[in-house]
Amino acid sequence: MAAGITLLMITGAYVKSGRMGMTMFPRIESDKAYAGFTLPVGVPFDKTRAVQQQLLAAAERISSQHGGEQLVEGVLSEINGNSGWIKVYLTPPDMRPLSTSEFVKKWRKSSGPVSGVESVRFKSNRGGSGSGASLSVELSHRSTETLEQASAELAGALTSFAVVSDIDDGFSRGKQQYDFRLLPSGYRLGLRPEGVARQIRASFYGYEIIRRLRGRNEIKVMVRLPEEERNSLDFLERMMIRLPAGGEVPLTAVASISRGRAFTEIGRRNGRRVVEVTADVTPPSQADQVVEAMKGDILPMLQERYPGLTFSFSGKQHDRKESMQALTRGMGFALMMVYVLLAVVFKSYVQPAIIMTAIPFGIVGAVLGHLIMGYSLSLLSFFGIVALSGVVVNDSLVLIDLANRKRLQGQEGYAAIVNAAVSRFRPILLTTLTTFFGLLPMIFETSRQARFLIPMAISLGFGILFATVIILVLVPSLYLILQDIGSVWSGRDRAKG
């Protein structure tokens, strides 16, 4: 029992340390490699086209170096304003010389630095299970300027991690604009901000005078400045504003003019402005280590530098936390019901605990199985552990039930549990082996459709394999320990009597 508890504690500490890694869903490669890019709002189309051509040329180089048509079936690309994307359709996995992740890795390296872009993202599993950014940090502050500076610093700090790529600070600058602010002199002349804004808008956009019908079409008649004046920003410094009491004054005499940028989007949560910083981690299992490093150093430093700044983890980290909490509540309720049923059957509060002791030790086998097969833990791994609990309880149940019946036949505790283990050795071992070998085809399956369920099969297969040793060794040991404790208390009661 001491050795078993030590092994259980070592396994739990190893998982908790983050060295093994944990993901929401296993990342499954697609047959399409994806690259998306975003440039600042308002850039010329030629610049967007140049970025597209740079990424396409890099993909063509990788294709020509690794088999051409044996690797790539086709390429699809699209430009939408200041952003665009490229999809490279690869041949089936058993035909191509490179996996999708290897192609994406070489594609990113061959593309080199892409200048003038806000973000570039390369994906090998876009749209499938486990897709999306590995890291998502949501920063919140009332000041937009503070959010912009903090998100830029956080994105810069993430570049120091070798496993982090495709970093996006989440702050997208909009189009350039001119901001007007009415001066006190304007208020004294009877002007109001909305009135000045209407005059500026009417000068450049136009003012609707009348609508006329021309056949079946309705024509709007607009009055506005001549085109040569509307196309010149210098006209703003010479523009005249009409006063409510009559007369005109220069715009610069009643309002201040400053350059600014329009917001492409404004995100809010609970009434506070937020911006989401995202990044990808390769391999995804190391995302937790990056998160812990951010919590311990980077994010506290940002909060100290920018008072009032708050952060929270969104995306996969938030979803995984909610899923694990729901799974824990569900499993806790299921274990409680199992305990109640066993307590009714055995008419004991202690023996159900002995039977259920094998459940956490089965987790040791599941963890070892993931390490052997090279998988990180995921939500599906814990689904397999939940299924494993039922099999482990069933095997322990038949062992303890037979030991109790042998005790009723007059055997001592040691002889009863040993004889029960010998009698149940064959059915327990056969149950274990048939389950394990039945899951082997799924564990070693290479198709994309099956890889989604492999972590669950590993937890169930390797968990029950290890749990067999637990059932045949630790459960009898715990049974005898409790028998000894019961004998001690019985001796004390007799001494008192």
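Report, by residue number, each residue of segment 300-317 that is among the small types (Gly, Ala, Ser) and crowded, with 16+ Cβ neighbours inside 10 Å.
Residues satisfying the conditions are 314, 315.
For residue 426, state whether it is assigned by TED's automatic domain parsing to the domain that holds residue 356, touching a residue at least 40 places away in the same chain (Cβ under 8 Å) and among the basic types (Lys, Arg).
So residue 426 does not fit the description; no.
For the subset of segment 349-376 comprising residues that are over 14 Å from residue 15 (Cα atoms) and either touching a Lys or Arg at 6+ places or on another chain (Cβ under 8 Å) or of a type in the set (Ser, Thr, Tyr) (or both), which member is surrounded by the most Cβ atoms within 10 Å (Cβ to Cβ)?
Of everything passing the filter in segment 349-376, 357 is surrounded by the most Cβ atoms within 10 Å (Cβ to Cβ).
Quick check: is even one residue across segment 307-322 among the aromatic types (Phe, Trp, Tyr), in contact with a strand residue (DSSP E or B) (Cβ under 7 Å, 6 or more places away or on another chain) and farther than 30 Å from residue 193 by Cα? If you could, list the steps in order and put the result at the bottom.
Pass one, segment 307-322, residues among the aromatic types (Phe, Trp, Tyr): 311, 313.
This time we only want the ones that are in contact with a strand residue (DSSP E or B) (Cβ under 7 Å, 6 or more places away or on another chain), so: 311, 313.
Checking which are farther than 30 Å from residue 193 by Cα leaves us with 311, 313.
Looking for residues that are among the aromatic types (Phe, Trp, Tyr), in contact with a strand residue (DSSP E or B) (Cβ under 7 Å, 6 or more places away or on another chain) and farther than 30 Å from residue 193 by Cα, one finds at least one in segment 307-322, hence yes.
Under 30 Å from residue 445 (Cα atoms), out of contact with any helix residue (DSSP H, G or I) (no Cβ under 8 Å at 6 or more places or on another chain) and not small (Gly, Ala, Ser): is that true of residue 371 in this structure?
Against the criterion (under 30 Å from residue 445 (Cα atoms), out of contact with any helix residue (DSSP H, G or I) (no Cβ under 8 Å at 6 or more places or on another chain) and not small (Gly, Ala, Ser)), residue 371 qualifies.
Table: residues versus (1) in contact with an Asp or Glu (Cβ under 6 Å, 6 or more places away or on another chain); (2) more than 30 Å from residue 311 (Cα to Cα); (3) aliphatic (A, V, I, L, M); (4) surrounded by 13 or more Cβ atoms within 10 Å (Cβ to Cβ).
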| position | (1), (2), (3), (4) |
| --- | --- |
| 178 | no, yes, no, no |
| 183 | no, yes, yes, yes |
| 191 | no, yes, yes, yes |
| 208 | no, yes, no, no |
| 218 | no, yes, no, no |
| 234 | no, yes, no, no |
| 248 | no, yes, no, no |
| 275 | no, no, yes, yes |
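Given (1) part of a helix (DSSP H, G or I); (2) surrounded by fewer than 17 Cβ atoms within 10 Å (Cβ to Cβ), where does residue 410 come up short, assuming only one miss?
(1)
Looking at the structure I just gave you, is residue 151 polar (S, T, N, Q) and more than 30 Å from residue 233 (Cβ to Cβ)?
yes
Hey, residue 58 hits all of (1) in a loop (DSSP other than H, G, I, E, B); (2) crowded, with 18+ Cβ neighbours inside 10 Å but one; which does it fall short on?
Failing condition for residue 58: (1).
Which of the numbered conditions does residue 137 fail, given that it passes all the others? Conditions: (1) surrounded by 13 or more Cβ atoms within 10 Å (Cβ to Cβ); (2) over 25 Å from residue 288 (Cα atoms).
Exception for residue 137: condition (2).
Evaluate the following for residue 268: is it exposed (fewer than 12 other Cβ atoms within 10 Å of the Cβ) and within 30 Å of residue 36 (Cβ to Cβ)? Please lay out each step first, then the result.
Numbers: exposed (fewer than 12 other Cβ atoms within 10 Å of the Cβ): yes; within 30 Å of residue 36 (Cβ to Cβ): yes.
It is true that residue 268 is exposed (fewer than 12 other Cβ atoms within 10 Å of the Cβ) and within 30 Å of residue 36 (Cβ to Cβ).
What number of residues in segment 441-484 are touching a helix residue (DSSP H, G or I) at 6+ places or on another chain (Cβ under 7 Å) and assigned to a helix (DSSP H, G or I)?
The qualifying residues number 29.
Taking segment 283-299, which residues are modelled with pLDDT of 75 or more and surrounded by 14 or more Cβ atoms within 10 Å (Cβ to Cβ)? I'd like the intermediate steps shown before the answer.
The first filter runs over segment 283-299 and keeps only residues modelled with pLDDT of 75 or more, leaving 286-299.
If the condition is that a residue be modelled with pLDDT of 75 or more and surrounded by 14 or more Cβ atoms within 10 Å (Cβ to Cβ), then 286, 287, 288, 289, 290, 291, 293, 294, 298, 299 are the ones that fit.
Out of all the residues in segment 159-179, is one or more out of contact with any Gly (no Cβ under 6 Å at 6 or more places or on another chain) and modelled with pLDDT of 85 or more? First the steps, then the outcome.
If we filter segment 159-179 for residues that are out of contact with any Gly (no Cβ under 6 Å at 6 or more places or on another chain), which is where we start, we get 159-174, 176, 178.
From the residues that got through so far, the ones that are modelled with pLDDT of 85 or more too are none.
No, because not a single residue in segment 159-179 is out of contact with any Gly (no Cβ under 6 Å at 6 or more places or on another chain) and modelled with pLDDT of 85 or more.
Given the criterion in the same structural domain as residue 427 (by TED's automatic domain parsing), within 25 Å of residue 332 (Cβ to Cβ), at pLDDT 85 or above and not β-branched (Val, Ile, Thr), identify the matching residue among 390, 369.
On the way: 390 fails: at pLDDT 85 or above.
Result: 369 is the single residue among 390, 369 that is in the same structural domain as residue 427 (by TED's automatic domain parsing), within 25 Å of residue 332 (Cβ to Cβ), at pLDDT 85 or above and not β-branched (Val, Ile, Thr).
Got a number for residues in segment 318-331 being surrounded by 14 or more Cβ atoms within 10 Å (Cβ to Cβ) and of a type in the set (Gly, Ala, Ser)?
1
The values are calculated or read from the model by the stated rules, or taken from the named source; none is laboratory data. In this text the structure is predicted, and so the values were computed from the model without any measurement. FYI the Cβ positions are ideal-geometry reconstructions off the backbone, even for glycines, and counts take in every protein chain you see.
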